[in-house]
Amino acid sequence: MLPYNLYLFFVFVAIDVPSLKCGDVVHLSASESADKLEAVPSLSTAAVSSPVPPVDTVFSFSLLSSFPEDLEVSDYCSDLLHIFGQRYVAYVNCLVPAARPVKVCQSCYSTYGSVVEIYKNISSDQMGPGNVTCRDSLLRSDRLMLVYQLYSNLESLWEDSNCAQCVTGHLESLTNDTLYFMSTLNQTLTCFEKYQQGNHTELCKNCKSAYGTLNVLYSQMEQNSTLCIDIEDAMNMTRRLWSKNFNCSFPREENVPVIAVSSFMLFLPIIFYLSSFLHSEQKKRKLIHPRRAKSNTSLMNIQDKLS
């Protein structure tokens, strides 16, 4: 019986290893070992269902946060990256409220200038403190190039809005043309607000001069290529108020040549047929009918007489 008891003892130890502590001494009888063996279906099943010790996630993630010093970003570059993130967020927070009505150029040019400034520092070849340049470590160190992609998106938005046409070269202020247009626009909208509660006929009559001046100014800026998305959207909304909301009409100067050419083409067939008729009548009046020549026999008789 002794070999059988020893066999059961070692089988139980192999099955219940996770529950044992180091240094503990276990004494089992033959009956207890048999009960343990019956309670466990098989050795393979017990091994699969045994609990796995949990992994220390904090320790595993902390291992990923440190690299050799020659691969780490310098403190100077980290500070530039942090400033870039702050200014990027400030610019986006300015853009969202300026989406409708569109005021992305006049409201957000200063915050865009701050983003441009910090990006120039990041992408510069000049050495910073400790003879460190951040262009390669922040812009070209990985396939994603996140900083470059973020700045490119903002730059594309700025170019698509044509904001450079309304802002000075150093992004310090709006241009004089833009300020003058905004002033003229405010005068027109003030006139609208003054007469919109009453009869719209009075509005069309009293605001016609201000609206006409605004249209002429917009046409001049369009020819000079000094329009940005802010001015275009403001003019479209003003024209919509004038024509649809107030049912006013105003002959635009650019329509005059179109009307003139259309009228000329309309009367061109009438002019053509009238001139053809008069020309044919004049030819009939000037037509001379020659006398009929005598027959050949008469001419021969005359010749015989002369001879």
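The values are calculated or read from the model by the stated rules, or taken from the named source; none is laboratory data. What you see is a predicted model; the values in this text were computed from it and never measured. Don't worry about glycine lacking a Cβ; one is built from the backbone with ideal geometry, like all the others, and counts go over all protein chains shown. All accessible areas refer to the heavy atoms of the entire protein, side chains included, with ligands and DNA or RNA removed. Shrake-Rupley method; radii C 1.70, N 1.55, O 1.52, S 1.80 Å.
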_For the stretch 176-245, accessible area per residue (1.4 Å probe, heavy atoms of protein chains only), Å²_ = 57
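Leaving ligands, DNA and RNA out of it, report the carbon-plus-sulfur percent of the accessible area of the stretch 176-245 at a 1.4 Å probe.
Details: 1810 of 3990 Å².
Solvent-exposed carbon and sulfur of the stretch 176-245 make up 46 percent of the total.
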_Less than 12 Å from a label point 7 Å out along the Cα-to-Cβ axis of GLU117: which backbone N atoms in the stretch 162-189 qualify, by residue?_
171-172
*Would you work out what percent of the accessible area of the stretch 72-165, with all protein chains in place, is carbon or sulfur (probe 1.4 Å)?*
51
*Burial order of peptide ranges 270-276, 187-193 (average beta-carbon count within 10 Å, highest first)*: 187-193, 270-276
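How large is the direction-averaged shadow of the alpha-carbon convex hull of the stretch 77-165, in nm²? Don't jump to the answer; show the numbers that get you there.
Working: hull surface 24.8 nm².
Computed as one quarter of the Cα hull surface, the answer is 6.2 nm².
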*Among 228-236, 122-130, the order from most to least packed when residues are scored by Cβ within 10 Å on average*: 228-236, 122-130
*Compute from the Cα atoms of the stretch 134-230 the Rg and the Dmax, the latter being the longest Cα-Cα distance, and quote both in angstrom.*
20.9, 67
*Net charge contributed by nearby residues that have their C-beta within less than 12 Å of THR188 (K/R +1, D/E -1)*: +2
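Could you report the stretch 72-165's accessible area per residue, 1.4 Å probe, as an integer in Å²?
Accessible area per residue, the stretch 72-165: 59 Å².
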*Can you give the extra length, in nm with one decimal, that the chain gains between LEU274 and TYR180 once fully stretched, where that is 0.36 nm per residue apart less the Cα-Cα distance?*
28.6 nm
